[in-house]
Amino acid sequence: MSISYDNPTFVPDNSLPATNGTTILTVEQQNNVKGHKKDRDTWGKEIEFLLSCIAMAVGLGNVWRFPFIALRNGGGAFVIPYIIILVLVGKPGYFLEMIMGQFSSRGTVKVYDSVPAMRGVGIGQTLCIAVVATYYSSIMAITLKYIFDSFSPVLPWSECNPNWTVPCYPSSGMGKGANHTWTNGTKSSAELYFLKEVLHAKDNIDDGIGWPNLNLVVCLIISWAIIFGILIKGIKSSGKASYITGIAPFIFLIIFFIRAVTLPGALNGIAYFFTPKWEEILKPSVWFDACTQVFFTLNVFFVNVIMYASYNKFDHNIYRDSNIVTTLDTFTSLLVGCITFGIVGHLAHELGVEDVSQVFRGGPGLVFVTYPETISKFKFVPQLFSVMFFVMLYILALGSNLATTSSIVTVIRDQFKTVKNWQAALGIAIYGIVFGSFYTTPGGQSVLNLVDHYGANFVIFILACFEIYTFCYMYGVKRICDDVMYMLDFRPSIFWRVCWKFVTPAIMTGIAIYSLIFYEAPTDNGREYPPTAHFIGWCITTLAIIWLPTFFIMRVMKQTENTLLDKIKAALKPTTNWGPLNAENNAKYKDYMASK
């Protein structure tokens, strides 16, 4: 059976012209047009896609990163560049990735059939999120341990342990040392519990990272078993999980907001959060942090958005969903900021400290020290609030990690059609357990900081720039708009076109240049990493970047054109089967494009 086109102006390369003026595709080209012979999975219900995107966006980046970044960059003044970057970079990028994913029904790598020479971008991004998945799961393991510990008759981090040879005051505010005067050298029982009982942390990794903590390894295995169980049937089963991962965190956040604002001293903390330091707003570093924060909270340019959208029905209203997700994410960041600074304000009130920033900790210290410390001061059933908080945190991490793991599964299944969902998910789970175990060692947090810098933050930003160049310049904004018109029957407004063509690439390029000029190597608790650690880090970066020039050169060399320039132009053209996945729809699309 052949596929013919009524429009004779569109003639694919090497096609056979039929005697009646139509174009008949060869068997090979028919297979290319069909793409995947098997039907691609789709979301069970449209709401499952939206909830999954919400669960992916509203995650750890909102809870432990946004409050700290806001405090470091001028408090309330940071909200202004954050919202500007959200509107000019986050929203356009999110909508763009949804378009490319839904239109093509392709995952992270296959979506670059639109510009095949740039497929290395997708491979590099996939390797980066594979790195992110390992330490996200380690955070889930630590959180799970805290959930178990929360059922103790007395919260174990609320009191000082005599075996800790460090000046300590009990986080509960009761018992021996309760009247200890606050000094910078004194640590709370919550902080010491996290460092000495949970992490068994080393000050640095000069003497090696040590052996994995068996308790955390067990929690890590349980966490990956949960992820595997959810992904065993692919997007169908993960869609069902979205009713929990996309809704439950907001219930917990509302409860904690009500509790936070009613604590003594909470309003002082919230006022501190919203008090702007206007002199900070003109600093380039503030805008850099605003951009990276948008990346982390929305998961935009982490390729997960493309993957989720690829399982949509062809005419799903992604314009509506992209606006809902990006707006809700911003609201959540501000809500979490109020909760966090309310709790920190209460903690400062309890300790008699006037400067709120003295008791504020960013990163893991916020969720595993500051929050537990405040909860331990609750007079009424602190165990209940502890369980609620860490269950919420676990669900947030689960939603983010499900998106990351699903992206890797999609890449594997797009490339190897015979691999089943459970096989790909099982392989990733084993990989996650093996490499995630490194973060459960005494030097695990030092390893996490190193890998996060070299395998995620820096390299993902560089690949994000190439992604926007690929889609907006090589594939073209005009063609993107034509695709949206064909798919959704409307043409993106001038706002989206100007952002895609000029504003978003310019901002991202400027920030990338800034990050390269003012590049700072990561440090290990204020000390330099050993040269071997930096070497391993640069190897991770190289492993992600090297695919970009490799695939570009390979694709160019495969072209049959005579001159190098013609080879490059041919390598940047979409593949023969580019377009909607459905064969009939693909044929109509090619006729549509030929008429342009």
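The values are calculated or read from the model by the stated rules, or taken from the named source; none is laboratory data. This is a predicted model, so every value here is computed, not measured. Using ideal geometry, Cβ is built from the backbone for each residue, glycine included, and neighbour counts are taken over all protein chains shown. Accessible surface is based on the protein model in full, side chains and every heavy atom, while ligands, DNA and RNA are left aside. Shrake-Rupley method; radii C 1.70, N 1.55, O 1.52, S 1.80 Å.
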Original post:
In terms of the ratio Rg/(2.2 N^0.38 Å) built on C-alpha atoms, what value belongs to the chain?
Top reply: 1.02
Subject >> Mean-position separation - Cα centroids, region 379-448 and region 142-163, in angstrom >> reply: 23 Å
Subject >> Exposed GluC sites (Glu not before Pro) absent: longest stretch of the chain, with sites in DSSP loops and at most 13 other Cβ within 10 Å deemed exposed >> reply: 1-353
**OP:** Per residue of region 64-71, in order, report the coupling 6.51 cos²θ - 1.76 cosθ + 1.60 (Karplus, θ = phi - 60°) as ³J(HN,Hα) in whole Hz, putting x for Gly and Pro.
**Re:** 10, 9, 4, x, 5, 5, 5, 4
Subject >> Whichever aspartates and glutamates have a C-alpha closer than 12 Å to that of K187, once near sequence neighbours (fewer than 8 apart) are set aside >> reply: E159, E373
Original post:
What does the charge add up to near G210, with Lys and Arg as +1, Asp and Glu as -1, over the other residues with Cβ less than 13 Å from its Cβ?
Top reply: -2
Subject >> Convex hull of region 358-475 built on C-alpha atoms - directionally averaged projected area, nm² >> reply: 11.5 nm²
Subject >> Reach of K573 by Cα under 16 Å, taken over lysines that are not fewer than 8 positions away in the same chain >> reply: K110, K478, K558, K590
Original post:
For the chain, what is the accessible area per residue in Å², given a 1.4 Å probe and the full set of protein chains?
Top reply: 41 Å²
**OP:** Could you list the chymotrypsin sites (Phe, Trp or Tyr not before Pro) in region 433-532 that lie in coil according to DSSP, counting only those with at most 12 other Cβ atoms within 10 Å of their Cβ?
**Re:** F490, F518, Y519
Original post:
Could you give the distance between the Cα centres of region 184-244 and region 515-581, to the whole Å?
Top reply: 31 Å
Original post:
Using a ≥ b ≥ c from the Cα gyration tensor of region 237-322 (square roots of the eigenvalues), is it rounded, prolate or oblate, where a/c under 1.5 gives rounded and otherwise the larger of a/b and b/c decides, a/b for prolate?
Top reply: oblate
Subject >> Isolated Cys in the chain, by beta carbon distance under 4.7 Å >> reply: C53, C128, C219, C291, C338, C465, C472, C481, C499, C539
Original post:
Round to a whole number: what % of the accessible area of the chain belongs to carbon and sulfur, probe 1.4 Å?
Top reply: 65 percent
Original post:
Which length gain, in nm to one decimal place, applies between K573 and V381 when the Cα-Cα distance is subtracted from 0.36 nm times their residue separation?
Top reply: 62.8 nm
**OP:** Starting from the Cα gyration tensor of region 317-377, take the square roots of the eigenvalues, sort them a ≥ b ≥ c, and report rounded, prolate or oblate (rounded when a/c is under 1.5, otherwise prolate if a/b is larger than b/c, else oblate).
**Re:** prolate
Original post:
Cα centroids of region 261-313 and region 456-474: how far apart, whole angstrom?
Top reply: 20 Å
**OP:** Counting other Cβ atoms within 10 Å, keep those with at most 14, restrict to DSSP loop, and tell me which trypsin sites (Lys or Arg not before Pro) in region 265-341 are left.
**Re:** K277, K313
Subject >> For L263, solvent-accessible area (1.4 Å; no DNA, RNA or ligand), Å² >> reply: 10 Å²
**OP:** Would you mind classifying region 140-281 by shape? Square roots of the alpha carbon gyration tensor eigenvalues, ordered a ≥ b ≥ c; an a/c under 1.5 is rounded, otherwise it is prolate if a/b is larger than b/c and oblate if not.
**Re:** oblate
Subject >> Inverse mean reciprocal Cα-Cα distance (Kirkwood Rh) of region 447-596, Å >> reply: 18.7 Å
Original post:
Among all the aspartates and glutamates, which ones have a C-alpha under 19 Å from K240's C-alpha, if same-chain residues fewer than 8 places away are not counted?
Top reply: D41, E46, E48, D321
